[in-house]
Amino acid sequence: MVKLGPEKGVIHLALAAVVNALWDLWAKMENKPLWKLLTDMSPEQLVSVIDFSYLSDALTKEEALDILQKNLSGKKEREEEIIAKGYPSYTTSAGWIGYTDSQLQELCQKYLKAGWTRFKMKVGSNLDDDMRRAEIIRSEIGWDNFLAMDANQCWEVEEAVYYMKRLAKFKPVWIEEPTSPDDVLGHAEISKKLEPYGIGVATGEHCQNRVIFKQFLQAKGLQFCQIDSCRMGGLNEVLSVLLMAAKFGVPVCPHGGGVGLCEYIQHISIFDYICVSASLENRVTEFADHLHEHFVHPAVTENGSYKVPMSPGYSAEMKKESLDAYEYPNGSEWKKLIKNGLFEDKVEMSG
């Protein structure tokens, strides 16, 4: 157990699944969407579900309570506003690194037509290619729209600074995961050196727990906090990071994807706005538009914003037919792969 933890690795991921499922059940019992269950809780109730272990040098229980109590004023108005307008989002689906130049153009045009004004592109494979691709994307979306970049951990610290100084001409809002997700001081150095260029550092989707986030915030290693709803130990731990980020004045911009993460994070962002940050400044939540067809209540966007979910629960319940089809190794989709020789039906263990 020690080798698998504490509070990280496979045990922590499994804990997240159980904890999030319990929150889902609680919300369904109350017949409320998860964000509404949270916003209807008192500051004292919210603080009571958070583990403040190892956080007292960054955030005390009393400070967390003060943040929540301070934001009671205007809570009803913020809830009404977010229901009416939706929560601002950006799309990753137009900027994957393997797309051809013509695909980039077509996808940018597609998403612009659908009302999107915020985009993210992948970078890091080759500087010349990145420069060309960024030029294409900027020429399509214009210079007033939001553009972020994501390196997926591919650079050394100085390499990241070099690349981003060159890419700064395209005015990216942030560079995401420029180096190892565990390198707090490396991210702090990158943040310091890119600040004069107006580029922030975003990271967090691979942060293992609240303690790592505490260090990133204390070291000024991130300017955009990208919590992942399933990486940490479930919603309880996510709440502690939301509150730490609020204290340090860092916007939370959750990591999403087409595996149920978008369904989860919409609730987190909405709650953060209504009760914790009370602000939409520099806040935007990721949306990827694939695999939502497998969920009972999929996340919905309109004009580049999440529509506030109203169905009871945490929105990540999968359809029974999808679970049956992809169950390993007897689901119909797995059987096709095995029959066609694309996947083995057993794994040999060695040593």
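Listing for the model above:
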read-out	value
3J(HN,Hα) from dihedral phi, region 65-81, Karplus parametrisation 6.51/-1.76/1.60, rounded to Hz, x for glycine, proline	4, 5, 4, 5, 5, 4, 8, 5, 5, x, 4, 5, 5, 5, 5, 5, 5
Cα-Cα pairs of region 231-351 separated by more than 25 Å (percent)	40
Enclosed volume per residue, in Å³, of the convex hull spanned by Cα atoms of region 93-144	68
Simple label model, 7 Å out from Cα along Cβ direction - Asp129 to Lys192, nm	3.3
Accessible-area composition of the chain, carbon plus sulfur, in percent [1.4 Å probe]	54
Full-extension gain in nm, Val10 to Lys110, via 0.36 nm per residue minus C-alpha separation	32.1 nm
Bins of 5 Å from zero: percent of alpha-carbon pairs in region 124-279	2, 9, 19, 20, 20, 15, 11, 4, 0
Cβ crowding within 10 Å averaged over residues, with 170-176, 83-89, 98-104 ranked highest first	170-176, 83-89, 98-104
Region 23-103: Cα Rg divided by the 2.2 N^0.38 Å rule of thumb	1.60
Probe 1.4 Å, protein heavy atoms only - accessible area per residue of the chain in square angstrom	47
Label-point gap, in nm, between Gln215 and Leu25 - each point 7 angstrom along Cα→Cβ	3.5
Cα centroid separation, region 173-196 to region 241-298 (Å)	21
Sparsely packed GluC sites (Glu not before Pro) within region 47-128, loop by DSSP, other Cβ within 10 Å at most 10	none
Net +/- balance of residues flanking Lys169 in space, Cβ distance below 11 Å, scoring K and R +1, D and E -1	+3
Local electrostatic count at Ile136 - Lys and Arg +1, Asp and Glu -1, tallied over other residues with Cβ under 12 Å	-3
Charge sum, other residues only, whose C-beta stays under 12 Å from Asn209's C-beta, Lys/Arg counted +1 and Asp/Glu -1	-1
For region 185-200, Karplus couplings with θ = phi - 60° (6.51, -1.76, 1.60), whole Hz, Gly/Pro x	5, x, 5, 5, 5, 4, 4, 4, 7, 9, 4, x, 8, x, 10, x
Sequence of Met149, Met310 from largest to smallest accessible area, 1.4 Å probe	Met310, Met149
Computed E for Glu344/Asp40 - FRET, C-beta separation, R0 51 angstrom, nearest 0.05	0.55
Hull volume in cubic angstrom per residue (convex hull over the Cα atoms of the chain)	165
FRET efficiency, Trp143 to Ser311 (Cβ-Cβ, R0 30 Å, nearest 0.05)	0.20
Residue of Lys61, Lys113, Lys339 that the Gaussian network model of the chain assigns the largest fluctuation, springs spanning Cα pairs under 10 Å	Lys339
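The values are calculated or read from the model by the stated rules, or taken from the named source; none is laboratory data. Just so we're clear, the structure is a prediction, and the values are computed from it rather than from any experiment. Ideal geometry is used to build each Cβ from the backbone, glycine not excepted, and the neighbour counts take in all protein chains shown. We work out accessible area using only protein heavy atoms, side chains counted, and drop any ligands, DNA or RNA first. Shrake-Rupley method; radii C 1.70, N 1.55, O 1.52, S 1.80 Å.
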